[in-house]
Amino acid sequence: MPIIELKTPADFAPAFPLIKTQNPAMTRKLFTTRLKKMLPQGYRCIAYVEKGVYLGLCGFWQGTRFWCGDFVDLDNVVVNEKLRSRGIGKKMVDWVGKEAKRLKCIQVGLDCYTTSHKAHSFYFREGYIIKGYHFIKPL
C-alpha cells in the first residue's frame with residue numbers, strides 16, 4: 001500500500017519540500033522546531049509514497065469540541081503539483097476518514113485558504129460542506 005503513517009522526526013524529513021509548497025516561508029529549521037512541538041500534541045500525518053518518494057501528505061489531529069463532539073481535523077493536505085488530479089488526495093482523505101470512523105469520530109473538518117479554489121472544488125466533490133468561518137487575530 002502506498003500510504004504510510006509518519007511516526008518519527010526522521011520519517012518527516014522527506015516531507016519538508018511538500019510542506020514548503022503550502023508554506024513558502026517555511027525553513028527546514030522552523031519545520032523541525034514546529035514538528036517537535038506538534039508530535040507530542042497528537043499530530044499525525046500520512047504520506048502517499050511511490051518508489052520511496054513522498055508524492056502527497058495529509059496531516060491530521062483528533063479532538064473533542066462542545067459543538068461537535070469527537071472529530072478529526074485535516075492539516076496541510078498537499079500533493080506534488082505535477083501529480084494532482086490523479087486521485088492521490090482522494091486516497092489520503094479517504095484513509096483519514098476511515099481512521100476517524102475507527103476512532104469513533106463523528107466528523108472530519110479542515111481549514112482551507114479562501115483563495116484555494118481548486119482545493120475548494122476537491123473538498124466539495126468529497127462531500128465536505130462549509131459550516132462556518134475560521135477567524136484569526138494576528139498577534
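The values are calculated or read from the model by the stated rules, or taken from the named source; none is laboratory data. Just so we're clear, the structure is a prediction, and the values are computed from it rather than from any experiment. Note that each Cβ is placed from the backbone with ideal geometry, even for glycine, and that neighbours are counted across all protein chains shown. The accessibility values were calculated without ligands, DNA or RNA, using every heavy atom of the protein model including side chains. Shrake-Rupley method; radii C 1.70, N 1.55, O 1.52, S 1.80 Å.
The table below lists the values:
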quantity: Close pairs (6 angstrom Cβ cut-off, 6 or more residues apart or separate chains): more than 12 Å from residue 71 (Cβ to Cβ) and open to solvent by less than 40 Å² (accessible area, probe 1.4 Å) in region 99-120, among the hydrophobic types (A, V, I, L, M, F, W, C) and assigned to a loop (DSSP other than H, G, I, E, B) anywhere; calculated: 119/112
quantity: Region 13-41 residues that are on the phi < 0 side of the Ramachandran plot, paired with ones that are assigned to a helix (DSSP H, G or I) and of a type in the set (D, E, K, R) (beta carbon under 7 Å, 6 or more apart); calculated: 16/28; 21/81; 26/20
quantity: Those residues of region 14-62 which are of a type in the set (Gly, Ala, Ser) and at pLDDT below 95, in sequence order; calculated: 52
quantity: Count of region 1-25 residues which are open to solvent by less than 60 Å² (accessible area, probe 1.4 Å) and of a type in the set (A, V, I, L, M); calculated: 6
quantity: Neighbours by Cβ (under 7 Å, 6+ apart or cross-chain): first from region 69-87, within 11 Å of residue 18 (Cβ to Cβ); second at pLDDT below 95 and open to solvent by 60 Å² or more (accessible area, probe 1.4 Å); calculated: 76/22; 78/21; 78/22; 81/21
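Residues are listed down the side, and each one gets a yes or a no for (1) open to solvent by 30 Å² or more (accessible area, probe 1.4 Å); (2) within 15 Å of the chain's Cα centre (by Cα); (3) of a type outside the set (Gly, Ala, Ser):
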| residue | (1), (2), (3) |
| --- | --- |
| 27 | yes, no, yes |
| 36 | yes, no, yes |
| 47 | no, yes, no |
| 53 | yes, no, yes |
| 62 | yes, yes, yes |
